[in-house]
1. Relative to the longest principal axis of the chain, what angle (0 to 90°, nearest 10) does the C-alpha long axis of helix 186-199 take?
2. I'd like the distance between the alpha-carbon centres of region 97-127 and region 210-270, rounded to an integer number of Å.
3. Past 25 Å, Cα to Cα: identify those pairs from LYS2/LYS186; LYS142/LYS205; LYS186/LYS206, in the order given.
4. Principal axes first, then extents: for the Cα atoms of region 225-461, list largest minus smallest coordinate on each axis, whole Å, largest first.
5. Run the reach check for LYS253 against aspartates and glutamates, Cα to Cα strictly under 20 Å, same-chain hits fewer than 8 apart removed. What comes back?
6. State to the nearest 20 debye the size of the charge dipole of region 5-211 about its Cα centre, where the only charges are +1 on K and R beta carbons and -1 on D and E beta carbons.
7. Measuring from centroid to centroid over Cα atoms, what is the spacing of region 275-333 and region 401-442 in Å?
8. Going through the cross-link list LYS317/LYS442; LYS130/LYS381; LYS50/LYS339; LYS279/LYS373; LYS78/LYS122, which pairs have a Cα-Cα distance over 21 Å in this structure?
Amino acid sequence: MKIKNICCIGAGYVGGPTMAVIALNCPKINVTVVDSNPNKIRAWNGDLEKLPVFEPGLKEIIKNVRNKNLFFSSDIDKSIDLSEMIFMAVNTPTKESGVGAGMAADLKYIEACARNIAKVAKSDKIVVEKSTLPVRTAEKIKEILDSEGNDVNFEILSNPEFLAEGTAIQDLFKSDRVLIGSDSTKTAKSAAKSLIEIYSSWIPKKKILTTNVWSSELSKLASNAMLAQRISSINSFSAMCEKTGADIKELSKAIGLDRRIGPKFLEPSVGFGGSCFQKDILNLVYLCKHYGLYEVAEYWHQVVKINDYQKNRFTQKIIDNLDGKIKQKKIVILGWAFKSNSNDSRESASIHVTAKLLSLGANVHVFDPLIKKTQVILDLKKLWKKNTLEKKDINRMLNNFKYTEYPQETILDGTAAVALITDWNEFKKYDWNKIVNQSNNKILIFDGRNILPLKHKRIFKI
Ligand code: NAD
Ligand code: UDX
């Protein structure tokens with residue numbers, strides 16, 4: 001099938017950048033990104049400085065292709081109707097209630113998409129799973145799509161996304177691989193060919209890998225699990241280093257020089273954040289248990305448990321070094337995004353560290369170069385709601401919370417401790433000599449990324 005119109009359902013961190021790159025590389029295809037959230041669509045159509053997703057290089061592409069062959073629209077039905085190929089790039093968060101709550105992926109958004117496509121489609125469609133999904137989800141989607149019985153043929157492809165936030169555009173342009181899973185029927189192979197043709201506009205053919213649908217779906221969960229496992233592994237060694245006098249940076253370098261291991265993803269941290277790793281591993285654990293693979297489930301669960309341990313270990317280090325007395329003490333949190341070059345704070349370690357410090361009565365001041373006060377408060381409230389905290393406790397903690405626009409001045413004014421949590425480059429450039437030596441009290445600095453260019457007995461590494 002020759003693709004002239006693409007619809008992408010979900011204008012988020014994946015849908016927006018992915019479709020922008022397709023539109024740029026395939027000028028003859030009209031790409032429409034739709035979303036059920038009208039505010040998001042308005043923002044995608046608005047000021048380039050205020051796009052809903054911040055990614056280096058994204059606004060330049062949007063400027064180039066928006067309203068030429070890339071469109072953002074709330075008219076979901078119309079776009080489905082007009083398109084030969086429909087990507088589903090909606091969120092698949094961890095379930096909050098019902099069977100599998102706290103572990104399984106919530107498929108309600110993906111199922112809603114499939115129902116919408118089934119209802120609206122009047123001609124044959126290629127439906128592409130772009131969201132990260134449990135293995136064998138395509139079966140369920142097919143069932144929903146075929147339930148309307150309106151004589152339309154649907155081909156389902158799995159095409160998981162491997163971009164990382166903060167480097168999404170670079171990752172999309174130079175993907176290590178593009179994975180396309182399909183059935184082996186003639187029509188399914190032909191659908192896969194249509195998708196291969198789109199990616200071939202800028203991705204070398206040898207990097208486009210075709211597999212069966214289940215391998216493709218499972219490869220995405222497995223990739224994220226393996227990446228997160230490396231971080232939990234190095235973070236577990238950071239705890240060992242602290243006890244033994246070994247240096248985690250030296251350890252990381254020594255390990256990574258083995259070509260079989262490689263140097264990437266061995267940077268110790270307060271713990272990985274982001275919307276993907278934790279939820280995808282928990283989903284994997286849930287699936288393993290579903291298939292009766294209890295030992296495999298427990299193996300992967302440890303990756304998330306070590307991540308929780310690392311966040312708690314970091315927070316406890318702050319508390320212990322302030323002699324357990326943090327009530328009314330001023331603590332500055334540097335960084336709210338889960339990583340640098342992103343405006344995303346989902347599952348950021350900062351949320352957990354800040355909530356714990358506030359719960360013990362500290363005065364916490366937060367700064368992030370891209371994330372504003374309203375989002376910080378939303379994140380904290382979400383966690384408190386999940387932990388069923390009472391309103392009076394939430395209000396008490398919010399009274400001790402401040403957002404600062406002037407981090408360096410804030411730090412120099414009576415701060416007991418600074419916790420650096422996000423690896424923003426600008427934090428490295430602060431005058432740390434002045435902060436350590438000239439602040440009124442003996443300030444303690446907890447470098448949760450080991451990025452500060454200074455050694456001092458009051459600078460604690462992770
Ligand atoms: P997101 O929350 O940023 O965006 C999802 C969007 O889908 C939201 O704007 C939401 O309003 C919209 N939506 C939900 N249901 C809808 C419906 N029925 N109709 C129309 N719109 C609907 O999520 P994201 O970070 O872009 O992730 C999307 C998927 O991609 C997830 O499965 C995620 O695991 C996967 N993924 C994410 C990343 C990443 O870096 N964020 C990377 C690879 C894969
Ligand atoms: C991840 C995967 O990398 C990507 O392939 C997938 O498509 C989506 O999930 P993302 O979560 O956007 O991407 O960012 P990533 O670079 O993987 O970082 C995740 C978290 O791990 C961040 O908090 C980051 O700071 C942390 N991290 C990363 C470390 O603590 N140490 C490292 O060595 C690398």
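1. 50
2. 33
3. On the way: LYS2/LYS186 16 Å; LYS142/LYS205 28 Å; LYS186/LYS206 22 Å.
In this structure, LYS142/LYS205 lie more than 25 Å apart at Cα.
4. 56, 45, 33
5. Candidates past the 8-residue exclusion: GLU242, GLU267, ASP423, ASP447.
6. Values: 27 positive and 26 negative charges, 107 e Å.
Approximately 520 debye in magnitude.
7. 26
8. Working: LYS317/LYS442 16 Å; LYS130/LYS381 30 Å; LYS50/LYS339 19 Å; LYS279/LYS373 25 Å; LYS78/LYS122 11 Å.
Where the Cα-Cα span goes over 21 Å, the pairs concerned are LYS130/LYS381; LYS279/LYS373.
Where a number appears in this text, it was derived from the coordinates with a stated rule and is not lab data. Note that the structure is a prediction, hence the values are computed from the model and not measured. Cβ sites come from the backbone with ideal geometry, for glycine too, and all protein chains shown count toward neighbours.
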